[in-house]
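Input: a single structure, listed below in structure tokens.
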């Protein structure tokens, strides 16, 4: 395990990046801008959170997190002024996560948090949902949690839950930002900044992975998500939660199943689906900071956003919705 930072200008599918510097003991790294401290790579070395300069790997600072292991990669937190904090979910004994926020300007933690018990999966996201210029930190260990990044105070919403989730902050209907909860044990849900429910999608399958992405199409915003142990990929209407397109990956090929919708985009009955032999589906990758700037590794072809997947037969598929 370790970290290599390289120059990718001459890299290709068969030629790796030219190494710039290596941190052999660094794990769970993330590229984070630390304001006046410059661009950095922040990772975990032993039980310390360490920031290094992207240019040469020189150490900016480190802080001991105590016994445990990272449950996530580091994430930038905007406090509205000064150097941003760096947050990390830190797994400790007893299947619990402690959320740490580090100020690399002072090498301190401005607040301490109590452990959050969880059931095997813990994910969180940071973003400015209420658009006041200061981020909030959202997580789910059963119910939804919202943490004040200035004080560390946490507010829990018992009526909002999808079992477990990786929250995504963005606009899904062209207006104000919303919070999309990628379902762990239930269907995806969209929540407004005041924590009111915008929509809860219907789905014929009870289990989804937290690997969906927000995609902007010519016809509007879509939430695209695979299913667990299933060849089905679905696109949800950002404004209504209705399923507007379904793709079935089978034997290295894609099959498109269109679903009839009412003019207002309301959910319709699910079409009959044949059982198909299916290949393994791997989503290209997701970012942890979901504020609409980056949600999945994507490419643009002819100004059309495309989500890239890899199939068992080593083909690359680019799908538009």
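The values are calculated or read from the model by the stated rules, or taken from the named source; none is laboratory data. Everything quoted here is computed from the prediction, not taken from an experiment. Note: ideal-geometry Cβ built from the backbone for every residue, glycine included; neighbour counts use all protein chains shown.
Considering only residues in the range 84-94 that are surrounded by fewer than 16 Cβ atoms within 10 Å (Cβ to Cβ) and not in a strand (DSSP E or B), the one that is modelled with the highest pLDDT turns out to be 93. Within the bounds of the range 55-75, is there any residue that is part of a strand (DSSP E or B), in contact (Cβ under 8 Å) with a residue 60 or more places away in the chain, under 23 Å from residue 213 (Cα atoms) and touching a strand residue (DSSP E or B) at 6+ places or on another chain (Cβ under 7 Å)? Checked the range 55-75: at least one residue is part of a strand (DSSP E or B), in contact (Cβ under 8 Å) with a residue 60 or more places away in the chain, under 23 Å from residue 213 (Cα atoms) and touching a strand residue (DSSP E or B) at 6+ places or on another chain (Cβ under 7 Å).
Residues being over 21 Å from residue 186 (Cβ atoms) and within 19 Å of the chain's Cα centre (by Cα) are represented in the range 139-156 by at least one member. Taking the criterion of being touching a strand residue (DSSP E or B) at 6+ places or on another chain (Cβ under 7 Å) and exposed (fewer than 15 other Cβ atoms within 10 Å of the Cβ), would at least one residue in the range 133-144 satisfy it? So far as the range 133-144 goes, yes, one or more of its residues are touching a strand residue (DSSP E or B) at 6+ places or on another chain (Cβ under 7 Å) and exposed (fewer than 15 other Cβ atoms within 10 Å of the Cβ). Here is the figure for the range 133-165: residues that are part of a loop (DSSP other than H, G, I, E, B) and farther than 19 Å from residue 79 by Cβ total 11.
Mind checking which residues of the range 220-238 are surrounded by fewer than 18 Cβ atoms within 10 Å (Cβ to Cβ) and part of a loop (DSSP other than H, G, I, E, B)? Across the range 220-238, the qualifying residues are 228, 229, 230.
Within the range 37-60, track down each residue that is over 17 Å from residue 3 (Cα atoms) and surrounded by 15 or more Cβ atoms within 10 Å (Cβ to Cβ).
37
Of the residues making up the range 95-110, those that are in contact with a strand residue (DSSP E or B) (Cβ under 7 Å, 6 or more places away or on another chain), part of a loop (DSSP other than H, G, I, E, B) and either surrounded by fewer than 21 Cβ atoms within 10 Å (Cβ to Cβ) or at pLDDT below 95 (or both) are 95, 107, 109, 110.
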